[in-house]
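Following: one structure in structure tokens, then a few remarks.
The values are calculated or read from the model by the stated rules, or taken from the named source; none is laboratory data. This is a predicted model, so every value here is computed, not measured. No Cβ is skipped: glycine too gets one built from the backbone with ideal geometry, and neighbour counts run over all protein chains shown.
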Amino acid sequence: MPLSLLNKKIIISAGASGIGWATAKICLSRGAYVYLCDINIKSLNKIKKHPLNNKRLFSYECDASDEYEVSNFFNQVLKKTKKIDALINNVGVAGPTGTIEKLTSDDWEQTLKINVISHFYFTKLAIQMLKKNKGGSIVNISSGAGIMGFPLRSPYAASKWAVIGVTKTLAMELGKYKIRANAICPGTIKGNRMVRVIKDKAKFLKVPKKLVEKDFVSMASMNCWISEEDIGKMCSFLISSDGEKISGQVIPVDGNATRMD
Ligand SMILES: NC(=O)c1ccc[n+]([C@@H]2O[C@H](COP(=O)([O-])OP(=O)(O)OC[C@H]3O[C@@H](n4cnc5c(N)ncnc54)[C@H](O)[C@@H]3O)[C@@H](O)[C@H]2O)c1
């Protein structure tokens, strides 16, 4: 029997493409209501054509790194529902590629602002709606780079370790309200972001893109790409009643890339 999210109300940041949209579609197919936001108007316009648009799918334009815009987004959601069952803090950028001597403080500030501080904006407002619901789930999207070092991507690695620190703290602060918090660490996802990351790394190292791609895929002992849907299915599991006793955990979905060789 497929896992049910019947009538669960779920907020997803940066949900109009990539992992966020794959997750939204899985949640919708399992009966949930999805409230998503994104900065990309083109992607938002595309998903407005979804058959469940304005029925169980509601989408809004919002820059997740702007506290005022996030607060406006929540005001829009509050017009539809006072309670939610889950928040998926999905927003995150790859940040710059380069050795630490080559990076600027702007590179660092921008990556941390989007990948960490924006999660704070969403979480702070979502907690009130989760408490009204008398419990629920916060899923923070970290990365394999939140468990290991990531050469040439120091701001990204720092931001994703921070996401895990916040997740574990939230799980401790919110357990008494039956609000759970977990982090998912995706591996190398087959999608647009990895196309950009591979291109930047190949350019920086002056090697063919195929070689960088092979390196990324072979990081997983299963020697595979991870799909956006693989992450959506783990989000769905954590939000569902099947995950109701899981909190404070860091869960790699990566074909076993986070290991010692
Ligand atoms: N793709 C991977 O290989 C990979 C691996 C590990 C972790 N992750 C993490 O998974 C999450 C999603 O990654 P993805 O690959 O789907 O991302 P992506 O780069 O494909 O972007 C997804 C969406 O984020 C939106 N977005 C970007 N900045 C925004 C902002 N400031 N406000 C609102 N929306 C914004 C984009 O418009 C886009 O629709 C991120 O946190 C990322 O760090 C991804």
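From the list Ala64, Ala14, the one residue that fits, being of a type in the set (Gly, Ala, Ser), crowded, with 24+ Cβ neighbours inside 10 Å and touching a residue at least 60 places away in the same chain (Cβ under 8 Å), is Ala14.
For segment 57-87: of the residues being among the small types (Gly, Ala, Ser) and away from the ligand (no atom under 12 Å from the Cβ), which is nearest to Ser118 (Cα to Cα)? Full working, then the answer.
In the first step, residues of segment 57-87 are kept if they are among the small types (Gly, Ala, Ser); the result is 59, 64-65, 71, 86.
Checking which are away from the ligand (no atom under 12 Å from the Cβ) leaves us with 71, 86.
Numbers: Ser71: 11, Ala86: 17 Å.
Filtering segment 57-87 for residues that are among the small types (Gly, Ala, Ser) and away from the ligand (no atom under 12 Å from the Cβ), the one nearest to Ser118 (Cα to Cα) comes out as Ser71.
The single condition among (1) within 15 Å of Pro155 (Cβ to Cβ); (2) surrounded by fewer than 20 Cβ atoms within 10 Å (Cβ to Cβ); (3) in contact (Cβ under 8 Å) with a residue 40 or more places away in the chain that Lys102 does not meet is (3).
Got at least one residue in segment 229-236 being touching a Gly at 6+ places or on another chain (Cβ under 7 Å) and either in contact (Cβ under 8 Å) with a residue 12 or more places away in the chain or among the hydroxyl-bearing types (Ser, Thr, Tyr) (or both)? Step through it out loud before you land on a result.
Looking only at segment 229-236, we keep the residues that are touching a Gly at 6+ places or on another chain (Cβ under 7 Å), and these are none.
No, segment 229-236 contains no residue that is touching a Gly at 6+ places or on another chain (Cβ under 7 Å) and either in contact (Cβ under 8 Å) with a residue 12 or more places away in the chain or among the hydroxyl-bearing types (Ser, Thr, Tyr) (or both).
Ile179 falls short on exactly one of the conditions (1) within 28 Å of Asn133 (Cα to Cα); (2) among the aliphatic types (A, V, I, L, M); (3) in contact with an Asp or Glu (Cβ under 8 Å, 6 or more places away or on another chain), and that condition is (3).
Determine whether Asn54 is farther than 16 Å from Glu229 by Cα, without any contact (Cβ under 8 Å) to a residue 12 or more places away in the chain and either more than 10 Å from the ligand (Cβ to nearest atom) or of a type in the set (Gly, Ala, Ser) (or both). Steps first, answer last, please.
Values: farther than 16 Å from Glu229 by Cα: yes; without any contact (Cβ under 8 Å) to a residue 12 or more places away in the chain: yes; either more than 10 Å from the ligand (Cβ to nearest atom) or of a type in the set (Gly, Ala, Ser) (or both): yes.
Criteria met by Asn54.
Listed conditions (1) farther than 26 Å from Ile127 by Cβ; (2) touching a helix residue (DSSP H, G or I) at 6+ places or on another chain (Cβ under 9 Å); (3) not basic (Lys, Arg) are all met by Thr104, apart from (2). Each residue in segment 246-261 was checked for being surrounded by fewer than 16 Cβ atoms within 10 Å (Cβ to Cβ) and touching a Pro at 6+ places or on another chain (Cβ under 7 Å), and 0 pass. Quick check on this structure: which one of Gly187, Gly191 is under 18 Å from the mean Cα position of the chain (by Cα) and either more than 28 Å from Leu5 (Cα to Cα) or crowded, with 18+ Cβ neighbours inside 10 Å (or both)? Going through Gly187, Gly191 in turn, the sole match is Gly187.
To keep it simple, each residue is scored yes or no on (1) of a type in the set (A, V, I, L, M); (2) closer than 20 Å to Lys201 by Cβ; (3) touching a Phe, Trp or Tyr at 6+ places or on another chain (Cβ under 8 Å); (4) assigned by TED's automatic domain parsing to the domain that holds Ser236.
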| position | (1), (2), (3), (4) |
| --- | --- |
| Asn89 | no, no, yes, yes |
| Ile100 | yes, yes, no, yes |
| Leu112 | yes, no, no, yes |
| Ile117 | yes, no, no, yes |
| Gly135 | no, no, yes, yes |
| Ala145 | yes, yes, yes, yes |
| Pro155 | no, yes, yes, yes |
| Ser159 | no, yes, no, yes |
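Annotation: of all residues in segment 105-114 being farther than 14 Å from Leu152 by Cα and hydrophobic (A, V, I, L, M, F, W, C), the one that is farthest from the chain's Cα centre (by Cα) is Leu112. Would it be correct to say that Val212 is under 28 Å from Ile138 (Cα atoms) and touching a helix residue (DSSP H, G or I) at 6+ places or on another chain (Cβ under 9 Å)? The answer is no for Val212.
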